[in-house]
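Working notes, beginning with the structure itself.
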Amino acid sequence: MKNIDDPHTNPIFEYSVQRNVLHEKPNSPFIQATYQTNLGTLVSNHPNATIYAMGVLNATSGGGAGETRTTINGRISAAATAVGSPVVYVDTTGWIDPATDTSDGVHPTAAGQLKIRDAMIALLPA
């Protein structure tokens, strides 16, 4: 088990892509370049931590919907691959149902947040 008192070995979940940028410019290479830079900084600052680069959650509109979500998650995955270990891309498909786990098709309810938490905890080593 990892030492939870050491911030350099704790797992880090990265989800820093802003939804407004995603919605307006999902095909922009800026998304991948920025995410890759962010991941590289995390690796430099926490070289012994596993960094989970989370894909965009399902939504009924904006960056989490359909083809836009697929494009963005492809860019996030490519950024994680480019940085390499200890970064792991996490596909969040199926973590929540936007129809029942969000208040507006985008923002998770308390129940949706619990599902996300449980999915994140399931990724951690015992």
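Laboratory data are not the source of any read-out in this text; all were calculated from the coordinates shown. Computed from a prediction, not measured in an experiment: that's the story for all the values here. Counting neighbours? That spans all protein chains shown, and the Cβs are built from the backbone with ideal geometry, glycine included.
Quick rundown of the values:
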read-out: Ordering of 106-117, 30-41 by packing [mean C-beta count within 10 Å, highest first]; value: 30-41, 106-117
read-out: Residues whose placed amide H lies under 5 Å from that of residue 12, excluding near-sequence neighbours; value: 50, 51, 52
